[in-house]
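What follows is a short report on a single structure.
Just so it is clear, none of the values below were taken in a lab; they were calculated from the coordinates. Please read these numbers as outputs of a predicted model, since none were measured by experiment. Backbone-built Cβ (ideal geometry, glycine too); neighbour counts: all protein chains shown.
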């Protein structure tokens, strides 16, 4: 590693003497220990605040929870526990649905993956055929599934049944 560029003027405290290095290391250990304690305290306060929002807050139309502060604190007038909903396609249920509806060819895309490039190059040079070790996979195409829904081939209940829904909350502060 190349040496750091020297600073034009340095105080005695900035020079890397054995005494200063020991002092810097002690400070670093202290700061690291304080950081761990502060992180633990932050986590504890976060837990308490989220509990208070759940117990005393009110829900908005999107399902988020709010708790108004009695008075603004550093520009913040309320606390928010923001509701977040994530939908993920359940591959097994979606595959069954598109197969049952006869939509497999429409709602999948084929992907070719080479598992042995050297063997692939040798075979392609010799014969131009598929290579042992190649894997052709069918992947569900969510856009095509949604198009089938818009065309009333897949009902809303069927569409809902192929997605796993998870809900979580994020702690936020609300400006006045």
State whether the residues of region 39-61 include one that is touching a helix residue (DSSP H, G or I) at 6+ places or on another chain (Cβ under 8 Å) and in contact (Cβ under 8 Å) with a residue 60 or more places away in the chain. no
Of residues in region 149-176 being assigned to a helix (DSSP H, G or I) and touching a helix residue (DSSP H, G or I) at 6+ places or on another chain (Cβ under 8 Å), the one nearest to residue 90 (Cα to Cα): 161
With respect to the numbered conditions (1) surrounded by 10 or more Cβ atoms within 10 Å (Cβ to Cβ); (2) closer than 30 Å to residue 141 by Cβ, which one is the sole condition not fulfilled by residue 92? (1)
So which residues in region 151-176 are free of Cβ contacts under 8 Å to residues at least 60 places away in the same chain and surrounded by 10 or more Cβ atoms within 10 Å (Cβ to Cβ), if there are any at all? 153, 154, 155, 159, 160
Within region 99-111, track down each residue that is touching a strand residue (DSSP E or B) at 6+ places or on another chain (Cβ under 7 Å) and not in a strand (DSSP E or B). 107
Which one of these does residue 90 not meet: (1) more than 30 Å from residue 173 (Cα to Cα); (2) in contact with a strand residue (DSSP E or B) (Cβ under 9 Å, 6 or more places away or on another chain); (3) without any contact (Cβ under 8 Å) to a residue 24 or more places away in the chain? (3)
Can you find a residue that is in contact with a strand residue (DSSP E or B) (Cβ under 9 Å, 6 or more places away or on another chain), surrounded by fewer than 12 Cβ atoms within 10 Å (Cβ to Cβ) and closer than 30 Å to residue 155 by Cα anywhere in region 32-47? no
